[in-house]
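The block underneath contains the structure these notes are about, expressed in structure tokens.
The values are calculated or read from the model by the stated rules, or taken from the named source; none is laboratory data. Quick caveat: nothing in here was measured; it's all calculated off a predicted structure. Cβ coordinates were reconstructed from backbone atoms using ideal geometry, including for glycine residues, and neighbour counts include every protein chain displayed. Only protein heavy atoms, including side chains, enter the accessible area calculation; ligands, DNA and RNA are left aside. Shrake-Rupley method; radii C 1.70, N 1.55, O 1.52, S 1.80 Å.
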Amino acid sequence: IDLLSMYHGLQIQLVFYMNAAVEGMQKKEPQKEIVPAAFFYYHIDDPVVDAKSGITDEELSDMQIKSLRPTGGILGDMDIVSALDKGVSEAAEKRVPYKSDMAKIELKKDGSLSSRSEVVSREDMALMRKYVSRLVRSSGESMISGRIAVSPYRMGDRSACTYCPYHQVCGFDVGLPGYEYRSFTKIDKDEIMESMKRAVEK
């Protein structure tokens, strides 16, 4: 998941749905603390893989599974990671490197999680959930109050206008006075999380 896109409200769907799932489960189990273990995007597709001739059916199946590996985040708890992929606990016990086909999880020789693993701390996941809830509420209040400014974003080579079919309707044109993109510059993860923390504490 792209934290910068989440911070600017461009990629909040996954965490928003996770919040809804947690709230629904909390109503069913009010006496328990509901803690989400992971959130993933899964590309539903019939994968076409680039394979050499003579490949076995098992090798082909492995390649297809890898191409469909979900992305997102999982709590950096070995019990949870092992529940997601049984191979993790086996590799950790044998002290051998391991790369999961089920998610972006990698183990180092010492059995610890590699920095390339898509793991999230419990605190960071809770912060993201609070931040997205605040962002959704703020956006709803803005719409209800009638704030609908034509102000598309631009981040690197991406822009809200790139695939938008409504350009003729909004009339956005940087050549006209008063029209400009909201430009988002890249900042590192620590800065993003600190900014989210300040936002939810307001």
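Here are a few things to note about the model shown:
- Residues Asp79, Asp50, Asp2 ordered from highest to lowest accessible area at a 1.4 Å probe: Asp50, Asp79, Asp2.
- Taken about its Cα centre, the range 89-202 carries a charge dipole of about 200 debye when Lys and Arg each add +1 at the Cβ and Asp and Glu each add -1 at the Cβ.
- Remark: the chain is approximated by an ellipsoid whose semi-axes, taken from the C-alpha gyration tensor as √(5λ), come to 37, 25, 16 Å, largest first.
- The portion of the accessible surface of the chain made up by carbon and sulfur, rounded to a whole percent, is 52 (1.4 Å probe; DNA, RNA and ligands excluded).
- Loop-located GluC sites (Glu not before Pro) in the range 106-202 whose Cβ has at most 13 other Cβ within 10 Å (DSSP): Glu180
- Accessible area, probe 1.4 Å, largest first, for residues Lys86, Lys186: Lys186, Lys86
- In the chain, a dipole from Cβ-located charges (positive for Lys and Arg, negative for Asp and Glu) runs towards its positive end, and of Pro97, Leu75, Leu3 it is Leu3 whose Cα lies farthest in that direction.
- Taking the longest Cα principal axis of the chain as reference, the axis of helix 57-67 is set at about 30 degrees.
- Computed magnitude of the charge dipole of the chain (debye, nearest 20; Cβ of K, R +1, Cβ of D, E -1): 700 debye
- Rolling a 1.4 Å probe over the protein heavy atoms leaves Cys164 with an accessible area of roughly 60 Å².
- Contact order for the chain, expressed relative to its length and based on alpha carbon pairs under 8 Å spaced 6+ residues apart, stands at 18 percent.
- Accessible area per residue (1.4 Å probe, heavy atoms of protein chains only) ranks Ile65, Ile144 as Ile144, Ile65, with the largest value leading.
- Equivalent ellipsoid semi-axes, the range 23-134, via Cα gyration tensor eigenvalues times 5, rooted, Å: 30, 19, 13
- Quotient of Cα Rg and 2.2 N^0.38 Å for the range 133-202, N being how many residues it contains: 1.35
- Angle in degrees between helix 13-28 and the longest Cα principal axis of the chain, rounded to the nearest 10: 70 degrees
- From helices alone, the chain scores -13000 deg cm²/dmol at 222 nm; the rule is -39500 (n - 2.57) for each run of n ≥ 4 DSSP H residues, then divide by the residue total.
- Computed from Cα positions, the angle between helix 189-201 and the longest principal axis of the chain comes to roughly 60 degrees.
- Chymotrypsin sites (Phe, Trp or Tyr not before Pro) restricted to the range 29-86 and DSSP loop, no more than 15 other C-beta within 10 Å: Tyr42
- Over the range 1-62: Rg over Rh, Cα atoms, Kirkwood Rh: 1.22
- On a per residue basis, the range 60-197 carries 67 Å² of accessible surface, using protein heavy atoms and a 1.4 Å probe.
- Using a Förster distance of 41 Å, the FRET efficiency for Arg182-Ser121 (Cβ separation, nearest 0.05): 0.90
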